[in-house]
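The values are calculated or read from the model by the stated rules, or taken from the named source; none is laboratory data. Just so we're clear, the structure is a prediction, and the values are computed from it rather than from any experiment. Backbone-built Cβ (ideal geometry, glycine too); neighbour counts: all protein chains shown.
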Amino acid sequence: MAKKFFLISQVFYPDEVSTANLFTGLCSAIADDNYKVEVWSAQPSYSVLKRQPKMAFYKGIKIHYLLSTNFRKDSIPGRFLNTITFILSVSLKLLFSGDKATVFTHTTQPPIGIIVSLICKLRRRRFVYILLDIFPEGLIRLGKISKKNLLARFWSRMFIVSLKNSENIIAIGRDMKAWLKEVYPDSQKKVIYIPLWQDEDLVFPSDFIENEFVIKYQLQNKFVVQYSGNMGLWNDMNSLAKAVQRNSENVMFMFVGGGIRREELMAELSGSDRKNALFLPFQPVEKLGSLLTACHAGIVSLREGLEGMAVPSKIYGIMASGVPVIAMAPENSEIAYTVREEKCGYVIDPEDIDRLLNAIAELQSDEKLRKQMGQNGRMAFEKKYTTRKIADRYKTLIKE
């Protein structure tokens, strides 16, 4: 009898936001003759607004699109309503479901996992919690809310309750696992470290000069440093703006994506500063391979004090593309551990502009070093971080 992987995820195919891409790829890699895959998702609202049928099949995945609003993601009230209506639909469907398959869900959006854990406890159904970004602790560390705030205290307490209700907890970073030990010591009995991943069939090393983005934007004679992905609360875009303003000779900073801090970055770079910066919107997922290889180095950013709170998945895309990683991240973060262990780039204090520019200069002047770091990253990626490798680890967990 085929085993079942059952996932609840507000974002999924056909949306092309990072979380949707990751879990769509994972689910398709798990789906085979021995594993059935079922997903409950909201109506798409990020890259796609076309409403989907109640049920659809995609790459072996049975997808249920639950009743929910799908206002555009750039509307804050709309996003709130999207989450609330999805939570209501999930709650009702889960409460009256006769299925006993283990429920997997993740921390995007934060309330969903907490509510799903409570319903699973009520229905005596096994629950596995995949921790992506940690709330509200991350917001507290950023100073966005006070630890004494009543909402923050209640939220933190309910998050711990959801961990206690979990059969297993999947931490995507060793720093996250260490933080869990502090706030919930018993978590170590059930926490499993499984990192994030990238599609090995989509991203692989390729020639810089022949790259479509390099040709389109005439970057052939530039040393390109790329930041690709979300520009959000976890990321230090101000430091990157300062680096661009230092006007390194023949260096082009390519920024691809969006987020709440993108406008802040663009506002910092006005007039003559812009000659060293190229801004592109989010690109279709099928362009990801070409995009990530349109540079000589890729930057990953995690603000100081946020170790254990998040692991930007972009690091695995950079490693897959065979270019060095410049990790502007805390010393004790999963990103820093990975870069040092695999010898695939530099670990730099998030606010150390001089060290960042020195690292860029070293890579620019030493092609042999650059190629070796890129090869090291690709080899580590193939060994540990491909979608298939991580899918096998999830299959083992489902089997157990």
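For residues in region 269-302 being modelled with pLDDT of 95 or more, not hydrophobic (A, V, I, L, M, F, W, C) and not in a helix (DSSP H, G or I), which is nearest to MET176 (Cα to Cα)? Here the residue is SER301. Taken over region 342-359, the criterion of being touching a residue at least 24 places away in the same chain (Cβ under 8 Å) and either more than 21 Å from MET254 (Cα to Cα) or touching a strand residue (DSSP E or B) at 6+ places or on another chain (Cβ under 6 Å) (or both) is satisfied by GLU342, LYS343, CYS344, GLY345, PRO350, LEU356, ALA359. Hey, can you tell me all the residues within region 48-65 that are over 20 Å from ALA31 (Cβ atoms) and of a type in the set (A, V, I, L, M)? Scanning region 48-65 gives VAL48, LEU49. Cβ contacts < 6 Å: first residue assigned by TED's automatic domain parsing to the domain that holds GLN283 and within 12 Å of LEU302 (Cβ to Cβ), restricted to region 226-237; second residue surrounded by fewer than 22 Cβ atoms within 10 Å (Cβ to Cβ) and among the β-branched types (Val, Ile, Thr), any location; separation 6+ or different chain. Result? So the pair list comes out as GLY232/ILE260. Say we look at region 221-268 and pick out the residues that are surrounded by fewer than 15 Cβ atoms within 10 Å (Cβ to Cβ), charged (D, E, K, R) and part of a loop (DSSP other than H, G, I, E, B); which of these is modelled with the lowest pLDDT? Only one residue fits best here, namely GLU249. Identify, please: which residue in region 121-155 is of a type in the set (Gly, Ala, Ser) and over 23 Å from VAL191 (Cα atoms) and is, among those, nearest to the chain's Cα centre (by Cα)? Residue satisfying both the conditions and the ranking: GLY143. From the list LYS389, LYS383, the lone residue that is surrounded by 16 or more Cβ atoms within 10 Å (Cβ to Cβ), basic (Lys, Arg) and over 12 Å from VAL323 (Cα atoms) is LYS389. Beta carbons closer than 8 Å, at least 6 apart along the sequence or on distinct chains, pair a first residue in region 113-124 that is within 13 Å of ASN168 (Cα to Cα) with a second that is assigned to a helix (DSSP H, G or I) and among the β-branched types (Val, Ile, Thr) for SER117/VAL161. Within region 201-220, restricting attention to residues that are touching a residue at least 40 places away in the same chain (Cβ under 8 Å) and not in a loop (DSSP other than H, G, I, E, B), which residue is surrounded by the fewest Cβ atoms within 10 Å (Cβ to Cβ)? Here the residue is GLU212. For the criterion of being farther than 22 Å from LEU291 by Cβ, assigned to a helix (DSSP H, G or I) and touching a residue at least 40 places away in the same chain (Cβ under 8 Å), ILE398 passes. Kindly check whether there is at least one residue in region 83-102 that is aromatic (Phe, Trp, Tyr), out of contact with any helix residue (DSSP H, G or I) (no Cβ under 7 Å at 6 or more places or on another chain), farther than 26 Å from ALA310 by Cβ and part of a strand (DSSP E or B). Checking region 83-102: not a single residue is aromatic (Phe, Trp, Tyr), out of contact with any helix residue (DSSP H, G or I) (no Cβ under 7 Å at 6 or more places or on another chain), farther than 26 Å from ALA310 by Cβ and part of a strand (DSSP E or B). Checked against (1) touching a helix residue (DSSP H, G or I) at 6+ places or on another chain (Cβ under 6 Å); (2) over 30 Å from LYS181 (Cβ atoms); (3) at pLDDT 95 or above, GLN218 passes all but condition (1). Of all residues in region 141-161, those satisfying the criterion of being free of Cβ contacts under 8 Å to residues at least 40 places away in the same chain and either in contact with a Ser or Thr (Cβ under 8 Å, 6 or more places away or on another chain) or part of a loop (DSSP other than H, G, I, E, B) (or both) are GLY143, ILE145, SER146, LYS147, LYS148, ASN149, ALA152. Here region 179-200 is the region considered, the condition is being outside any helix (DSSP H, G or I) and without any contact (Cβ under 8 Å) to a residue 24 or more places away in the chain, and the residue that is surrounded by the fewest Cβ atoms within 10 Å (Cβ to Cβ) is TYR193. Of all residues in region 87-104, none are more than 23 Å from TYR394 (Cα to Cα), small (Gly, Ala, Ser), at pLDDT below 95 and under 23 Å from the mean Cα position of the chain (by Cα).
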